[in-house]
1. How high is the relative contact order of the range 236-361, in percent, counting Cα pairs under 8 Å that sit 6 or more residues apart?
2. For n ≥ 4 DSSP H runs only, could you compute -39500 (n - 2.57) per run for the chain, divide by its residues and tell me the 222 nm figure to the nearest 500?
3. Mind listing the Cα extents of the range 1-158 along all three principal axes, in Å, largest one first?
4. Label-point separation (nm) for ALA90 and ALA273, each offset 7 Å from Cα along Cα-to-Cβ?
5. Compute the Rg to Rh ratio over the range 285-377 from the alpha carbon atoms, using the Kirkwood formula for Rh, and round to two decimal places.
6. Note down the nm distance, to one decimal, between modelled labels 7 Å out along Cα→Cβ at ILE248 and at ASP77.
7. Name the residues whose placed amide hydrogens come within less than 5 Å of the amide hydrogen of GLU239, ignoring near sequence neighbours (fewer than 5 apart) on the same chain.
8. Which part of the range 341-358 falls in the paramagnetic zone of ASP292, meaning amide N under 13 Å from the point 7 Å along Cα-to-beta-carbon?
Amino acid sequence: MTDLLRQEIATSAHTIVVKVGTRVLTTDQGVLNEEQITHLGRQLSQLAAAGRNVVLVSSGAVGAGMSQLGLTKRPTDLAKLQAVAAIGQAKLIELYDLALRDNGRHAAQVLLTAEDLDDRQRYLNIRNTLHSLLDFGAIPIINENDTVAVEELMLTFGDNDRLAARVTNLLRAPLLILLSDVDGLYNGSPELPDARLLSVVPKLDEEVLGFARDKKTGHSKGGMGSKLEAARMVTSAGENMIIASGRIPDVLPKLLDGEEIGTLFLAQGKAVAPRKRWIGYSVQPRGELIVDDGAVKALGDQGKSLLPIGVTKVNGSFDKGDVVRICSAGGQEIARGLTNYTSEEVSKILGQRSDQIEGILGVHPYDEIIHRDNMTVSRV
């Protein structure tokens, strides 16, 4: 069944980012399902032939490496896991290229770390390269650079859902499609007989976020938590996202025809400007500022800058020019922005009026800790 809202969103989506999960591309034993790659390549080519710019964020390197090496069990040692991913990445891109060449397209491998998107110049270079690849008619195949991505070094995206959301914001793509082994977001555990698949999510409120949490622990269940975080990043920047099963035959053309498949997450407000997307959704925060209720209202409702008087606590260590999170007393993220002061300096001037800064620090370069022009306010 087609849906008019979905048709409208699909029609306006000149650029589409598709993310495919490991479980869609692998068998129950965790090895690569080459037939799935062939089917996906055909669908991507079909969208490109219709005049769409298509970018794929693909998992599956470890599964491909296991297939190449004849492994039946996923390695747990980090170095071995990264080695398997490196071997698998070569096979994965080979299969994508074969599938796309059969349909008159080229695959273009792009491996990223979070650090690549943290740096403004590298961020812009990546965006320009992706646009050039699309101009050539190629389909970029993006994955995390698993051989160097180490969580302790803050080089990792955490998962490919978040990577796909960052790529969506990088390209200002109107639509992100997450192809998963689940049908979409349910209002309860999918195993329960009364659980209902949500067709549309107008807003990511606490009730919706609760559908992905375990009622006993409060933690996210499975991979749905990362998918909802991706939805927050995309919809708060003014774009739309769909979660759908990647095992449905021809799922991508069906979604672009407006068929009511999976869960659609609607954009919140107007699209965010490119630089503010980088601040709010690409750079990893280096610290956190806790602010009082007055500052929450000033930032969210009145469009103000963050002044020292509204800050109550500093978490983490950061330098001038780093991106930091701004959170309410309850821990809810309100905004992110480029700080004018180091964490040490903010600790000294928090709670004070701006005209007191020079008396405390000996200098007074800025009235604001974070200027509004260097801030992205959360919408959800």
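Bear in mind these aren't lab numbers, they're just calculated from the coordinates by the rules spelled out. All figures in this text were calculated on a predicted structure; none of them were measured in a lab. Neighbour counts run over all protein chains shown; Cβ positions are idealised from the backbone, glycine included.
1. Dividing the mean separation by the residue count of the range 236-361 yields 22 percent.
2. So the helix-based figure for the chain works out to -11000 deg cm²/dmol.
3. Projected onto the principal axes, the Cα atoms of the range 1-158 cover 47, 38, 29 Å.
4. Result for the modelled spin labels: 4.6 nm.
5. Rg divided by Rh gives 0.92.
6. Going from the ILE248 label point to the ASP77 one covers 4.3 nm.
7. GLN268
8. 350-354
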